[in-house]
Every structure is written in C-alpha cells, then in structure tokens.
Amino acid sequence: MNKLNRRDFIKNTTIATASVTTIASGISLTTFAAKSKESAPVTNEKRWGMLINVNKLTESSIDDMIDACQEENGWGSEVHSRAEQKPDWIKKVKVKDKATGKIDVLPMLCQHCEQPPCVDVCPTNASMKREDGIVLVDRHLCIGCRYCMMACPYGSRSFVHENLDNQKTHMPRGKGTVESCTLCVHRVDKGEIPACVEAVGGDGVIFGDLYDANSKINQTLKKIQSTQIRSDLNLNTGVRYSGI
Amino acid sequence: MKHLLTIFLIAISVSMSVQIHADNRIPNLGDKANKCKDDECKEVHKLPNISRTQSLVIQRKMHPEFLLHKRDRTLRQGVRGGRASLAKCVNCHTSVDKNGEYIPVNAPQQFCSTCHKQVGTSMDCFSCHRTTPAEDM
Amino acid sequence: MNIRYQQIQGRSLGFYTLIAVLIAVILLASGGVYFMEHNGHYVSGMSNRIVWGMPHVFALFLIIAASGALNIASISSVFNKKIHKPLSRLSGLVSLSLLVGGLMILVLDLGRPDRLIVAMTEYNFKSIFAWNIILYNGFFAIVIVYLWMMFEHRLNKFSSKAGLVAFVWRLILTTGTGSIFGFLVSRQAYDAVIMAPMFIVMSFAFGLAFFVLILMASYKWSERPLGDIIVNRLGNLLGVFVAAVLYFVAVKHLGSLYLAENTGVENFILFGEHIYTFLFWIGQVVLGGLVPIVLIYHPALRGNRLVLGLASSLVLIGGIFQLYVIIIGGQAYPMEMFPGKEILEGYGTIATYSPSFAEVVLGVGGVAVSLIMITFLLKFLPFLPESLDDKVADQIIKSRGPAL
C-alpha cells in the first residue's frame with residue numbers, strides 16, 4: 001500500500017482507461033462499418049443543379065413549389081416569429097425590367113454556389129458544401145452568429161427565431177441556428193428529386209447532374225440560353241434560370 | 001499524504017459503487033423495445049464476434065461515439081443507411097401515454113433522460129432532432 | 001525619473017454607488033439575455049433581413065474602442081513619447097476591459113451561446129470571423145503580458161518590445177474587424193477595402209475618448225492631481241482623430257457614390273428619408289464630429305475639463321450612431337440582386353428594425369461590464385500614478401532616458 005504513490009496510481013489508471021477506450025473504439029467502429037450497408041460517400045464527379053425555366057412557371061406553380069417545400073421540410077408553421085423572421089427557404093420574387101417593363105416571376109432559393117460566400121465566412125465550418133455541390137448548414141456546429149446571412153448575395157438563409165418541435169425526422173431544425181434550402185438532400189441521396197421540382201412537374205424546373213453529359217439538365221443547358229443570378233460575382237451557381 | 005490517499009480511495013470506491021448501482025438500474029426502454037421479443041429485436045445491438053450482452057454494454061457506453069461518427073459521415077459525405085441512426089433509437093425507445101400519444105424520448109423518466117440525468121450529462125440532440133417516431137414509421 | 005503608482009482607495013460612498021449602479025445594469029442585461037435566449041430571437045427586433053442588430057452595434061463599438069484605447073501606451077512605447085508613459089498602465093486596462101465587454105455582448109447574442117466551445121475549437125481559416133476570434137484572444141494575451149512587463153520592475157526593459165507587438169497586433173485586429181464588413185462582396189453598403197483603415201481611425205477616436213473620460217473621472221473621484229499639460233495634449237490628439245474619422249467617412253461615401261451599383265444604398269443613407277439619414281448627418285457628422293472639434297479647438301473653451309468631457313462623450317455617442325448607420329442602415333437597404341431590374345415583390349423593400357428593450361440592455365450591459373472591470377482593477381492594482389500634475393509632467397518631459 002505504501003508503495004503505491006499517487007502519481008503511479010494516476011498514471012496506471014490513465015493508461016488502463018486509455019487502452020480500453022482505444023481497443024473498444026477500434027473494435028466497435030470497424031466492425032460496425034463492416035457490418036452495415038452504408039451508401040458510399042458522395043464524390044465530386046457529380047454536381048447537382050437545377051434549371052428554372054421562368055417562362056414555363058406561373059405564379060401559382062411557384063406557390064406550389066413553396067407549399068411542397070414547406071410540407072417536405074416542415075418549415076413555415078412558426079407561431080411567434082414576425083413575417084420577416086419566418087424561415088424563407090424558397091420565396092417568390094417578382095421583378096420588372098427597368099428599360100422594357102417586362103415582368104418576371106421567379107422562385108428564389110439557395111443557389112448552391114460552387115464558391116459559396118456563406119461557406120467562406122462561416123467561422124466554425126458549419127456552413128459547408130458537399131462534394132456533389134449541395135450547400136448545407138451543419139447545425140451541430142452552427143453557433144448562430146448569422147455571418148453567413150450577411151454574406152449570402154441571395155438572401156437565401158433564414159435564422160430560426162423560436163423554439164420548434166415536431167420536426168420532420170429527416171430534417172432536424174432548431175432554435176438559434178441558420179438554415180436554408182438543402183436541395184432536398186435526403187431525397188436526392190435516395191435517388192429522388194427535390195420536392196419543389198416534383199411539385200411543378202414537366203419542364204418548368206429540371207433537376208439533375210450538371211456534369212453528366214447525358215442528363216436532361218446538361219443537354220438543355222447546352223441548347224438554351226440561361227443565366228446565373230449575380231453572375232458578376234463569379235460564384236458559379238448550381239441553380240440556373242432561363243427566360244429572364 | 002496517507003490521509004489524502006485514503007480520502008481519494010474512499011471517494012473512488014463510493015463513486016464506483018454509485019456507478020455500479022447506476023449500471024444495474026434498468027432504464028425506461030420504451031414501449032416498443034420492452035414488448036419486442038422476437039429474434040430480430042434481440043439482434044439489433046449485436047456486434048459481430050462478441051456476445052449479445054457484451055454488445056449491449058458497448059452500445060450503452062459508446063452510443064455517443066456511434067452517433068457522432070455517423071452524424072458527420074451522413075451530413076458531410078452523404079453516407080446513408082447503416083446501423084447507427086438516431087431516428088432508429090427514437091423509433092424503438094419511445095413510449096405512448098394514456099391518450100395514445102407519443103411521449104418525447106428525452107422527457108423526464110423516458111429512455112434518454114433516465115441515464116443522462118443520473119450521470120449528469122446534457123444532450124443536445126433534441127434541440128433540433130425529432131423526439132418521437134415519425135408518423136409513417 | 002520614477003513615477004509612483006497607487007491603487008485607488010475605493011472605500012467612498014461614491015465608489016460603492018458606482019459599483020451598485022453598474023451591477024444593477026448588468027443584472028438587467030442578464031435578464032434581457034435570458035429572455036432573448038430562452039424565447040429565441042423572435043423577441044428581438046432582429047429578423048432575417050436585419051440579422052445583426054443593436055447588440056452588434058454596441059459590441060463592435062466596444063471592440064473598436066478597445067483596440068484604440070491601447071494607443072496611449074503604444075505612443076509611449078513605440079513612438080517614445082515620454083509624456084504618455086505614466087498613462088500606459090491605464091491604457092492597457094481600459095483596452096482589456098472594453099474588449100471583454102464587447103466580446104461578452106457578441107457571445108451572448110449568438111443563437112447558440114452554449115456552443116461557444118465550438119467557436120473556440122473549430123476554425124475555418126478562410127473566415128475573417130474565425131481570424132477575429134484568434135485576434136481577440138491573442139490581443140488579450142498580449143496586452144496582459146504587456147501590462148505585466150509594465151508592472152514588474154525587472155521586466156520594464158522589455159515593455160517597449162511588448163508594446164511594439166501589441167501595437168502591430170492591434171492594427172491587425174482592427175483591420176480584421178473592419179474586414180468583417182469590408183469583405184462582404186454581395187452587400188453594396190460594405191464591400192469596400194476602405195472599411196478596414198476607417199475602422200482603425202475610428203478606433204483611435206473612440207478609444208481615446210473613452211480613455212480621456214475614464215482618466216478624468218478617476219482622478220477627480222480619487223482626488224488626485226491631474227495637470228493641464230497631459231489633459232490638453234490628449235484633447236488635441238482627440239481632435240485630430242475625430243477630424244480623421246470625418247475624412248475617412250467622406251472618402252468612403254464619395255468613393256462609393258462613384259459606383260453606379262452603390263448609388264442606391266448611398267442615396268438611401270445620405271439623402272434618404274429614413275432614420276439613418278438623420279442619424280448620419282445630425283448624430284454622426286454634427287454631434288459626433290463637428291461639435292467635438294469645435295469644443296476642443298475653440299480658443300475660448302481650451303483647457304476646460306467639463307468641455308473636454310462633453311466633447312469626449314459626444315465622440316462616443318456619435319460613434320454609436322456611426323456604427324448604427326453602418327450596421328443597421330447597411331442591412332436595411334436591399335442587396336442589388338437583379339441589376340437593371342426593379343424588384344416588385346418578394347424582396348427588395350427597405351427592412352424595418354426597431355430594437356427591443358432586451359437588445360438595448362444587453363448592449364448597455366456590455367459597457368457596464370467594461371466599466372465595472374476597470375473600477376475594480378483600479379482598486380486592486382496600482383494602475384494610476386499618484387500625481388499627474390503639471391510639475392510631474394514637466395519633469396517627465398525634461399527627464400533623460402526612458403520614463404518608468
């Protein structure tokens with residue numbers, strides 16, 4: 001008993017704990033990976049994008065897109081927030097050309113930039129871009145500083161201003177963090193298309209892999225003229241518009 | 001010095017007995033997990049090459065690591081499917097109240113909070129994640 | 001020559017009254033924070049359009065002033081102006097305290113202040129904000145070391161080197177703070193590199209104004225002699241800094257007006273009909289700029305302490321207005337999302353903002369935290385020279401070798 005001094009005691013316990021932890025984590029994490037049927041990580045061989053043909057969209061079809069997004073992702077039923085505090089993953093914007101007076105109505109959502117300013121400015125890496133080009137907020141790391149909202153040229157991001165419950169299982173959302181359109185990443189990973197695209201149907205909004213030469217979006221973009229909003233910023237957006 | 005060591009050892013043994021006591025307490029497993037008797041349910045937490053009991057111990061000790069590991073892979077790399085899933089935890093370990101409504105899994109006396117309260121650790125999962133099984137699950 | 005430093009007594013009724021008032025303000029601010037964090041930001045005036053509100057006005061104001069308050073110490077250490085040497089310790093203290101107050105506001109306004117540890121462990125080195133976190137922490141450490149070298153006689157000889165490091169660091173820090181706005185390419189109100197040097201000059205003015213007020217108050221309340229030589233020098237310097245701020249503001253807006261892309265937001269701020277135009281011209285330019293300059297340099301008012309105190313206070317109030325116009329006004333005007341087009345619906349209106357009580361007390365609470373920190377530390381450590389009357393000042397100026 002006398003031989004056991006405090007330093008040795010601490011040293012031994014620490015070593016013991018450390019080795020148990022290492023072995024345990026080694027076993028469990030590797031076996032766990034071996035057993036499960038996980039999908040492979042996404043790669044940058046794909047780049048998801050969207051082509052919105054403004055001429056083929058009516059105001060009501062844009063409303064349908066908004067409804068579908070709310071339904072799918074569970075936002076819009078906030079009770080306390082004022083109108084300008086409510087989330088706005090996708091909104092309807094009406095613009096008029098200053099010279100010709102031509103009026104266009106278009107849906108505005110996260111443009112899923114290749115060089116997203118929100119990702120550049122985020123201090124904690126919460127704002128992130130997946131390899132396949134989808135820009136997301138990692139709510140686990142988001143501290144709610146709202147600098148990404150300052151940086152986004154499209155005003156696409158919203159801050160959750162109140163307590164929420166009854167979220168969708170696939171779309172966790174919570175007070176004090178920033179959120180925006182996820183391009184319905186949970187559907188895309190299952191091989192489905194985003195809810196808003198499905199809601200419009202037809203050719204109004206085309207979703208697909210911009211890099212895939214055989215995809216409809218790639219082929220359409222080669223044929224018709226399209227624009228990126230604020231293309232002067234050189235962000236190379238994943239969401240493109242035609243007809244404005 | 002000896003006094004200090006004695007106090008230290010007493011403190012350790014007290015805390016260990018508390019720990020053992022805590023480990024022996026069966027948490028509120030939730031309705032579905034309690035009722036579930038078939039083999040598939042018993043195998044849910046089973047890891048290869050270890051007994052079912054050992055697997056459960058590892059599950060109990062290391063669920064934060066499992067979830068954390070999976071969380072980053074799912075969110076950042078788009079890895080879907082696999083064993084660890086918070087939604088699956090919630091799905092089996094929630095209970096239903098008298099009116100047939102689900103009780104949030106992190107509510108007092110429910111699955112998560114029994115242990116978490118005991119060991120005094122807070123969890124941040126449910127400030128964003130859904131606390132009850134989805135309607136269609 | 002040696003200067004004798006001495007703690008303040010801190011036993012008078014005035015001292016305890018000051019502490020009590022500050023604690024009351026801090027408690028009120030804590031209540032405000034709890035209210036805002038418990039309910040969520042819907043109880044604040046902030047929204048998805050005005051994402052940074054009153055707390056950020058106060059936080060950035062204090063952070064800018066903090067880096068500026070260190071200037072007095074830098075002037076003596078780096079530029080070897082002996083007359084400022086006896087003020088160096090106080091300068092470091094004011095600087096540290098203002099930074100603490102500012103950062104506290106910033107952290108408590110986060111959506112998830114409980115995740116502060118994330119901000120300290122996860123860094124995105126592309127983010128100017130992340131760099132600011134590092135710069136603030138570094139500034140803190142450097143100023144503490146600098147103060148230590150000023151306090152410890154054996155280390156006095158290193159204090160000028162530490163002062164140089166602190167000076168360079170504070171320039172980088174304010175550049176970083178200015179760049180938080182200056183690097184926002186998408187916002188016409190901010191996207192200008194001049195934001196960084198402008199913030200530096202603002203920091204000179206605000207920091208010195210804080211310093212002058214605290215110096216005069218602490219000498220008056222502790223009944224120590226404070227001569228005109230030192231006070232008038234500081235006053236003159238303040239006047240120069242305030243004029244420099246006006247110059248930078250003019251250049252910024254003129255340069256911005258030149259870009260057609262920015263005329264919208266410039267017209268909105270400079271000639272619009274919203275509160276920001278009033279705050280800019282009356283609050284920032286007249287009250288915070290022209291009036292203090294007149295008060296400081298008018299021959300009839302020279303050397304009048306009360307007038308200098310008033311001028312310093314006006315500089316601070318004008319500074320709050322200036323940051324309000326920059327931060328809130330800059331966000332209120334919509335971004336130029338569709339060049340050549342007018343937005344009819346869905347976006348593009350002028351965003352409204354009315355700060356809630358909780359936000360304002362949080363901001364004021366930050367100031368109170370800074371002041372209470374200064375008050376307490378003055379009592380426990382010898383920051384202030386026993387005397388700064390004109391005889392002492394004269395001796396310092398005439399003395400050879402570094403003043404300790």
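The values are calculated or read from the model by the stated rules, or taken from the named source; none is laboratory data. The structure displayed is predicted, hence computed values, not measured ones. Counting neighbours? That spans all protein chains shown, and the Cβs are built from the backbone with ideal geometry, glycine included.
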Select from the stretch A:129-143 the residues that are closer than 22 Å to A:Cys69 by Cα, surrounded by fewer than 21 Cβ atoms within 10 Å (Cβ to Cβ) and facing chain C (nearest Cβ under 10 Å) and list them in ascending order.
-> A:Asp138
Can you spot a residue in the stretch A:222-237 that is farther than 30 Å from C:Gly53 by Cβ and small (Gly, Ala, Ser)?
-> yes
Pairs under 6 Å by beta carbon, first residue within 14 Å of chain A (Cβ to nearest Cβ) in the stretch C:25-41, partner assigned to a helix (DSSP H, G or I) and buried (at least 22 other Cβ atoms within 10 Å of the Cβ), six or more apart or different chains?
-> C:Val33/C:Leu362; C:Phe35/C:Ala358; C:Met36/C:Ala358
Specify which of the listed residues (C:Arg224, C:Arg187) is basic (Lys, Arg) and either buried (at least 17 other Cβ atoms within 10 Å of the Cβ) or part of a helix (DSSP H, G or I) (or both).
-> C:Arg187
Could you please let me know if A:Ala83 is within 10 Å of chain B (Cβ to nearest Cβ) and surrounded by fewer than 17 Cβ atoms within 10 Å (Cβ to Cβ)?
-> no
Scope the stretch A:204-244; condition modelled with pLDDT of 95 or more, among the hydrophobic types (A, V, I, L, M, F, W, C), out of contact with any strand residue (DSSP E or B) (no Cβ under 9 Å at 6 or more places or on another chain) and surrounded by 15 or more Cβ atoms within 10 Å (Cβ to Cβ); matching residues | A:Leu235
Among (1) buried (at least 21 other Cβ atoms within 10 Å of the Cβ); (2) touching an Asp or Glu at 6+ places or on another chain (Cβ under 7 Å), the one test that C:Ile229 misses = (1)
Tally of residues being more than 15 Å from the chain's Cα centre (by Cα), closer than 22 Å to B:Asp124 by Cβ and surrounded by fewer than 19 Cβ atoms within 10 Å (Cβ to Cβ) across the stretch B:51-70 | 1
Would you confirm whether any residue within the stretch A:69-90 is within 20 Å of A:Ile244 (Cα to Cα) and at pLDDT 95 or above?
-> yes
Give the stretch A:203-244 a look and list any residue that's among the polar types (S, T, N, Q) and either within 14 Å of chain C (Cβ to nearest Cβ) or touching a residue at least 40 places away in the same chain (Cβ under 8 Å) (or both), or say none.
-> A:Thr220, A:Ser226, A:Thr227, A:Gln228, A:Ser231, A:Asn234, A:Asn236, A:Thr237, A:Ser242
Do you know which residues across the stretch A:103-128 are within 10 Å of chain C (Cβ to nearest Cβ), under 20 Å from A:Val200 (Cα atoms) and either of a type in the set (Asp, Glu) or in a loop (DSSP other than H, G, I, E, B) (or both)?
-> A:Asp104
Consider A:Val197 carefully, then state whether it is out of contact with any helix residue (DSSP H, G or I) (no Cβ under 9 Å at 6 or more places or on another chain), in contact (Cβ under 8 Å) with a residue 60 or more places away in the chain and surrounded by 18 or more Cβ atoms within 10 Å (Cβ to Cβ).
-> no
All but one of (1) in contact with a helix residue (DSSP H, G or I) (Cβ under 8 Å, 6 or more places away or on another chain); (2) assigned to a helix (DSSP H, G or I); (3) surrounded by fewer than 24 Cβ atoms within 10 Å (Cβ to Cβ); (4) not hydroxyl-bearing (Ser, Thr, Tyr) hold for C:Gly45; which doesn't?
-> (2)
Are any residues in the stretch A:163-179 within 30 Å of C:Gln188 (Cα to Cα) and either within 7 Å of another protein chain (Cβ to nearest Cβ) or modelled with pLDDT under 95 (or both), and if so, which ones?
-> A:Lys175, A:Gly176, A:Thr177
So which helices (runs of 4 or more DSSP H) are wholly in the stretch C:288-404 and hold at least 2 residues that are hydroxyl-bearing (Ser, Thr, Tyr) and touching a residue at least 12 places away in the same chain (Cβ under 8 Å)?
-> C:305-324, C:357-380
Any residue at all in the stretch C:202-214 that is of a type outside the set (A, V, I, L, M) and in a loop (DSSP other than H, G, I, E, B)?
-> no
Helices (runs of 4 or more DSSP H) completely within the stretch A:140-227 that count 3 or more residues being hydrophobic (A, V, I, L, M, F, W, C) | A:147-151, A:195-200
Of the residues that make up the stretch C:360-380, is at least one among the hydrophobic types (A, V, I, L, M, F, W, C) and within 14 Å of chain A (Cβ to nearest Cβ)?
-> no
Does any residue of the stretch C:82-102 turn out to be free of Cβ contacts under 8 Å to residues at least 60 places away in the same chain and either charged (D, E, K, R) or within 14 Å of chain A (Cβ to nearest Cβ) (or both)?
-> no
The condition of being at pLDDT 95 or above and either surrounded by fewer than 20 Cβ atoms within 10 Å (Cβ to Cβ) or in contact with a His (Cβ under 8 Å, 6 or more places away or on another chain) (or both) holds, among C:Val364, C:Val369, C:Val315, only for C:Val364
Scan (1) in a helix (DSSP H, G or I); (2) surrounded by fewer than 17 Cβ atoms within 10 Å (Cβ to Cβ); (3) more than 7 Å from chain A (Cβ to nearest Cβ) for the single condition B:Val44 breaks and write down its number.
-> (1)
Please enumerate the residues belonging to the stretch C:109-139 that are assigned to a helix (DSSP H, G or I), of a type in the set (Ser, Thr, Tyr) and surrounded by 15 or more Cβ atoms within 10 Å (Cβ to Cβ).
-> C:Tyr136
Go over the candidates B:Thr114, B:Thr121 one by one and state the one that is surrounded by 15 or more Cβ atoms within 10 Å (Cβ to Cβ) and away from chain A (no Cβ under 11 Å).
-> B:Thr114
